[in-house]
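The block underneath contains the structure these notes are about, expressed in structure tokens.
The values are calculated or read from the model by the stated rules, or taken from the named source; none is laboratory data. On a predicted model such as this, the values are computed, not experimentally measured, just so you know. Cβ placement follows ideal geometry from the backbone for every residue including glycine, while neighbour counts extend to all protein chains displayed. For accessibility, only protein heavy atoms count, side chains too; no ligands or nucleic acids. Shrake-Rupley method; radii C 1.70, N 1.55, O 1.52, S 1.80 Å.
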Amino acid sequence: NSEYVPGYKRYAGWMATWTQLFFLLSGFVLAYAELSKPRRTGTQRPSLLRYVRRRLTVIYPAFFMSLLLKVAISPAKTAFQWSMLPLHLLLLQSWLPICKTEGDAVSCSPWLYNGEAWFLSVLMLYWLFCQPLAEFFRRRGVRFCIATLLVCWAFSCVFQFLGQGNRLAGWIGCTDKLCPVVIMVVIRSGPLGYFHVFVAGVASARLFMLLAMIDADTRGRINADTKRVALNEDGGPLVLRYGCVFGYALYAVMLFAATGLVRPYYYFFHNGGMIPVMLLVLLGAAIGRDPLTVWVFRSKPMLVLGRISYMQYLMQHILQGWIKLNFGWGSNGAIQAAFVPCLLLFSYCCQRFVERPYTDYQRWKQEKKIKGIDDRVIEWVDARLAKGGAWGCLAR
């Protein structure tokens, strides 16, 4: 918060541009999980509902806990806010830009309750397209993947053109204060604003396999029929082997030498303009030979921070709100100094004693083939989809 850290405000815009990493990283990891294994067809391939359910098993417990704590500490104050709670429970709060003017302020569904969790709702929608996208890129080559990344990066200019200076609002004749906010929510907290970043993540997974991996059985190049993969002995091109170094060096240049550039081009950098920087960091870390990866990211403290980072992100404002409510904040320097250690400890406890036991329980159920209510509902829906008719059209 620039209010408490003098001189920080001029850099805060650059810090906020890392939001897009959620979507790039998710596209990369999920696509790699699909592409690194032989193509599955028919009954070997999990249904769409089972695929989404598997993803939710990992992320939903922490989200649900953060939502409960937020409602308990700072409950909704208006009928509109309460009416949005079911959408948050179902992780649908960001699918549509639902906003309403309440007094002098505008309330929007993605930013209500635990506003940091809006990206989870967007990701859940993207997961519906992950498997088809991965199969599409399975037979694509290096040139196609590079071209896709360039197109995705260039597409970020669209949001800069439409969003900066409320240009789109002016074109359609918006005169009230609600319309520009709705447009901002669509761009910055909705599915339309980051799908190209997610696609870039899928394309980067395929590019990573083509440039840095080999067929583990033939020791030759990766192809569409590869069954097992292994890291190439040379680790791929130099720029990727040292991707973290090059990526963070480029970011440092942007942060310190081009500090003022982010303000006039914020929408571009916030909605995909950082793809080159993040792609270098991502691929460098994935190959695992970059000095930053070896000596920093794989250190014990960083591994622990990595495990709790998701929980820490969700809980930051919840814990701050509780501290502010009970101990004050603005004029209490000791409380502010203790906030980060408290957040780390609280996040670790939540991850260790809530999230991990639930995830382990779900995996145990799958191993023992124990069916719960959710499994039976998914089986019923999948059976209806397999029968054809209207259900079959929905499945296709």
*Confirm whether GLY201 is touching a helix residue (DSSP H, G or I) at 6+ places or on another chain (Cβ under 9 Å), modelled with pLDDT of 95 or more and open to solvent by less than 70 Å² (accessible area, probe 1.4 Å).*
yes
_Any residue at all in the range 139-153 that's open to solvent by less than 10 Å² (accessible area, probe 1.4 Å), over 29 Å from SER66 (Cα atoms), part of a helix (DSSP H, G or I) and touching a Pro at 6+ places or on another chain (Cβ under 8 Å)?_
no
*Kindly provide the set of residues from the range 26-65 that are hydroxyl-bearing (Ser, Thr, Tyr), exposed (fewer than 13 other Cβ atoms within 10 Å of the Cβ) and in a loop (DSSP other than H, G, I, E, B), ordered by number.*
THR41
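A quick yes/no check of all residues on (1) in a helix (DSSP H, G or I); (2) under 23 Å from PHE155 (Cβ atoms); (3) within 28 Å of the chain's Cα centre (by Cα):
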site	(1), (2), (3)
THR175	no, no, no
CYS179	yes, no, yes
MET184	yes, yes, yes
ILE187	yes, yes, yes
MET209	yes, no, yes
GLY220	no, no, no
LYS227	no, no, no
ASP234	no, no, no
CYS244	yes, no, yes
_Qualifying positions in the range 123-154 - charged (D, E, K, R) and either at pLDDT 95 or above or in contact with a Gly (Cβ under 8 Å, 6 or more places away or on another chain) (or both)_ = ARG143
_Suppose we filter ILE308, ILE275 for residues that are crowded, with 18+ Cβ neighbours inside 10 Å and at pLDDT below 95; which single one remains?_
ILE308
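Okay, residues lined up against (1) open to solvent by 20 Å² or more (accessible area, probe 1.4 Å); (2) free of Cβ contacts under 8 Å to residues at least 60 places away in the same chain:
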| position | (1), (2) |
| --- | --- |
| ALA169 | no, yes |
| PHE208 | no, no |
| GLY220 | yes, yes |
| LEU231 | yes, yes |
_Complete set of residues in the range 178-198 that are among the β-branched types (Val, Ile, Thr), farther than 18 Å from ALA134 by Cα and open to solvent by less than 20 Å² (accessible area, probe 1.4 Å)_ = VAL185, ILE187
*Please work out which residue is surrounded by the fewest Cβ atoms within 10 Å (Cβ to Cβ), limiting yourself to the range 373-395 and to residues that are out of contact with any helix residue (DSSP H, G or I) (no Cβ under 7 Å at 6 or more places or on another chain) and modelled with pLDDT of 80 or more.*
ILE373
*Starting from the range 54-81, take each residue that is closer than 23 Å to ASN326 by Cβ and list its partners that are small (Gly, Ala, Ser), counting only C-beta distances under 7 angstrom and pairs at least six apart or across chains.*
SER66/ALA117; ILE73/GLY321; SER74/GLY321; GLN81/SER107
*Hey, among LEU69, LEU21, LEU87, which residue is over 21 Å from the mean Cα position of the chain (by Cα), open to solvent by 40 Å² or more (accessible area, probe 1.4 Å) and modelled with pLDDT of 90 or more?*
LEU69
*Return a yes/no flag: does the range 126-135 have any residue that is open to solvent by 50 Å² or more (accessible area, probe 1.4 Å) and small (Gly, Ala, Ser).*
no
*Looking for whichever is within 24 Å of SER309 (Cα to Cα), out of contact with any helix residue (DSSP H, G or I) (no Cβ under 9 Å at 6 or more places or on another chain), modelled with pLDDT of 90 or more and not aromatic (Phe, Trp, Tyr) here; the options are LEU319, LEU345. Which one fits?*
LEU345
*Looking at (1) assigned to a helix (DSSP H, G or I); (2) more than 19 Å from VAL71 (Cβ to Cβ); (3) open to solvent by 80 Å² or more (accessible area, probe 1.4 Å), which is the only condition ALA334 fails?*
(3)
